[in-house]
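What follows is one structure encoded as structure tokens, with my remarks underneath.
Quick note: the coordinates plus some simple rules give every number you see, no bench work behind them. A quick note: this is a predicted structure, and the numbers were derived from the prediction, not measured. Cβ: placed from backbone, ideal geometry, glycine included. Neighbour counts: every protein chain shown.
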Amino acid sequence: MTRASSVRVAVALSGGVDSSVAALLLSRQGLVTWGVHLRLGDEPAVPPTLPALASHIGLPLEILDLREEFARLVVDYFVDQYFEGRTPNPCVRCNAGIKFGVLWEKVRAQGATHLATGHYVRLGPGPDGSLRLFRGADPAKDQSYFLCQVPRELLPHLVFPLGELTKPEVRAQFQQLGLPALANCQESQDICFIPQNDYQEFLRARRGRRGCPGDLVDRQGRILGRHQGLENYTVGQRRGLRTPAPEPYYVVQIQPECNRVVIGPKSELYSHGLRARGMNWLVDPPENELTVTAMIRYRHPGVQAVLRPGTGGRVKVLFASPQAAVTPGQAVAFYEGDCLLGGAWIEERI
């Protein structure tokens, strides 16, 4: 960051453990800081414990109502993708469009020079001296994958106070806040805008209808059963196919153009590569192919791959070893060591 006297940091403050500790660490640096809580869904405008938390840290608190933008950029996208036979990643979309998109524009208009969040990622110089994004120090909590679509030009304006910390260290600091009512809060692992994580009911309610039933087929096109709408299936799924066989069937491919779901044995889940679109580079775009580690979904261990840039933000990726369940609609993130090079949206498997 630049000189402390000229730094004004807006902190995205949910009231959870991570964002609270991020705000606390920044406030201890003596920077001009304020908390911004985003209202994105049907929750109360201000969580009951949030004003007390902000007061305890010593932060002014602002509430931003972004329900309209969130519905348009994240929720509608989520619903549309499922009905098109794709499996969306709303967290990647939300980070790029809402937190580091709409939120940044609004706080910048208020004079913020930086935006801080509780993500477990690190910023630092690359070999050429340019600012780069790296995995968080805690491998179990690294969230860099979710930031693969954040615009590169924002990097100098971002602050990640938790990047060098482990989750146990963050929890310990949170306990020191002395707010017992918040100390027992649970981290949500589900999609934040879907009650009880019942996404199928959510999709039907949002769209006002169910998807059209169609055929379950094998890779040769032979009909093996019926599906209940494309929105109920994702590549790699095993449950709910209701198709007896000597070995379990999995969803291998979804074909929205003919309303079919292709199923097959586990061996047919594996792919030698993928094609993706919407490539977002967080480093200077390469002129030629390069060897990377490709992460095809969150918690994927990553696989060595050759990345071949194409035109119009398209890329082709060839894996060093076949990978299971390459899923259209998901994000693929590319790394060189711990450095996040960028990411794209998976179009199809190879």
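Any idea how many Lys pairs in the chain come in under 30 angstrom at the alpha carbon, given 8 or more places apart or on separate chains?
For the chain, the number of qualifying lysine pairs is 9.
Which one of His227, His300, Gln237 is farthest out on the positive end of the charge dipole of the stretch 225-338, using unit charges on Cβ (Lys, Arg +1; Asp, Glu -1) and the Cα centre as origin?
Projecting each Cα onto the dipole axis, the largest value belongs to His227.
Compute a Gaussian network model of the chain, connecting alpha carbons closer than 10 Å, and tell me which residue from Pro246, Pro195, Pro168 fluctuates the most.
Pro246
Treat the count of other C-beta atoms within 10 Å as a stand-in for reagent exposure and order Ser20, Ser55 from fewest to most. Walk me through the numbers before you get to the answer.
Working: Ser20 29, Ser55 11.
If I rank by nearby Cβ atoms, fewest first, I get Ser55, Ser20.
Once whole DSSP H runs in the chain are found, which of them have Cα atoms spread over 20 Å or more along the helix axis and a mean Kyte-Doolittle score of at least 0.5?
Taking the DSSP H segments of the chain (at least 20 Å long, mean hydropathy at least 0.5), we get none.
Taking the Cβ of each residue in Leu274, Leu241, Leu38 as the centre, tally the other Cβ atoms inside 10 Å and list the residues starting with the fewest.
Leu241, Leu38, Leu274
Report the Cα-based extents of the stretch 16-99 along its three principal axes, largest first, to the nearest Å.
49, 24, 19
³J(HN,Hα) across the stretch 249-261 via Karplus (A = 6.51, B = -1.76, C = 1.60, θ = phi - 60°), whole Hz, x for Gly/Pro?
Here the 3J(HN,Hα) series is 8, 10, 6, 9, 7, 10, 10, x, 5, 10, 6, 10, 10 Hz.
Sort all Cα-Cα distances of the chain into consecutive 10 angstrom bins from zero, then give the percent of pairs in each bin up to the one containing the longest distance.
P(r) for the chain, in whole percents per bin: 5, 22, 30, 24, 14, 4, 0.
Kindly write out, for the stretch 330-340 in residue order, the coupling ³J(HN,Hα) from the Karplus curve 6.51 cos²θ - 1.76 cosθ + 1.60 (θ = phi - 60°), rounded to whole Hz, with x marking Gly and Pro.
Going residue by residue, I get 6, 8, 10, 10, 10, 10, 10, x, 8, 7, 7 Hz, with x marking Gly and Pro.
Dipole of the chain, Cα-centred, from +1 at each Lys and Arg C-beta and -1 at each Asp and Glu C-beta, to the nearest 20 debye? The partial results should precede the final answer.
On the way: 39 positive and 34 negative charges, 99 e Å.
Roughly 480 debye, rounded to the nearest 20.
Could you state the number of Å between the C-alpha centres of the stretch 219-265 and the stretch 51-118?
For the stretch 51-118 versus the stretch 219-265, the Cα centre distance is 35 Å.
Can you tell which of Asn288, Gly264, Leu25 lies farthest toward the positive end of the dipole of the chain, using +1 and -1 charges on the Cβ of basic and acidic side chains (Lys, Arg; Asp, Glu)?
Going by the Cα projections, it comes out as Gly264.
Tell me, what HN-Hα J-couplings in whole Hz come from the Karplus equation 6.51 cos²θ - 1.76 cosθ + 1.60 at θ = phi - 60° for each residue of the stretch 118-133, using x for Gly and Pro?
Values, residue by residue: x, 6, 8, 9, 10, 10, x, x, x, x, 8, x, 6, 6, 9, 9 Hz.
Between Leu155 and Tyr298, 0.36 nm times their residue separation minus their Cα-Cα distance comes to what?
Value of the extension gain: 49.3 nm.
What is the calculated FRET efficiency for Glu336 to Arg242, with r their C-beta to C-beta distance and R₀ = 41 Å, to the nearest 0.05?
E(calc), rounded to 0.05, equals 0.40.
Build a GNM of the chain with springs between Cα atoms under 10 Å: which of Ala116, Ala137, Ala52 gets the top mean-square fluctuation?
Ala52
Based on Cα positions only, what radius of gyration and what Dmax would you give for the stretch 4-183, in angstroms?
16.4, 51
What FRET efficiency do you get for Arg28 and Glu268 if R0 is 51 Å and r is their Cβ-Cβ distance, rounded to the nearest 0.05?
Efficiency for this residue pair is about 0.40.
In Å, what is the Rg of the alpha-carbon atoms in the stretch 211-264, and how long is Dmax?
9.7, 30
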